[in-house]
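Single-structure report; data block below.
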């Protein structure tokens, strides 16, 4: 067993056992392309970590994952930049602004106006 996995952690009233810690490390390594929130949901499901109403304790799991990363026990995926701006607004890609392409000699398309 990895020496880091022997760390005892209590998160939101739950004692995280060394075996569970190993499973968390393995899950993070296996699913490194998932977003942090998706990792937390997956780990909650594997550890059967639910609230009294039956929903997953994702917030508590996120805090646990960040605590483990701070202690050097695991490496989480980097936080992704969220788009800023108005809801529903989007930027057009360059090729979508001018979807037409003119083929031929410039004399065929006169007068041309450049902006």
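Computed from the coordinates by the stated procedures, all read-outs in this text should not be read as laboratory data. This one's a predicted model, so the numbers in the text were calculated from it and none came from an experiment. In this analysis, Cβ positions are derived from the backbone assuming ideal geometry, glycine residues included, and neighbour counts consider all displayed protein chains.
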Starting from the Cα of residue 70, step 7 Å along the direction of its Cβ; do the same at residue 15; then give the gap between the two resulting points in nm. 2.3
How much length, in nm to one decimal, is gained on full extension between residue 35 and residue 63, taken as 0.36 nm per residue of separation minus their Cα-Cα distance? 8.6 nm
Which three lengths, in whole Å and largest first, does the range 3-70 cover when its Cα atoms are put on their principal axes? 36, 28, 19
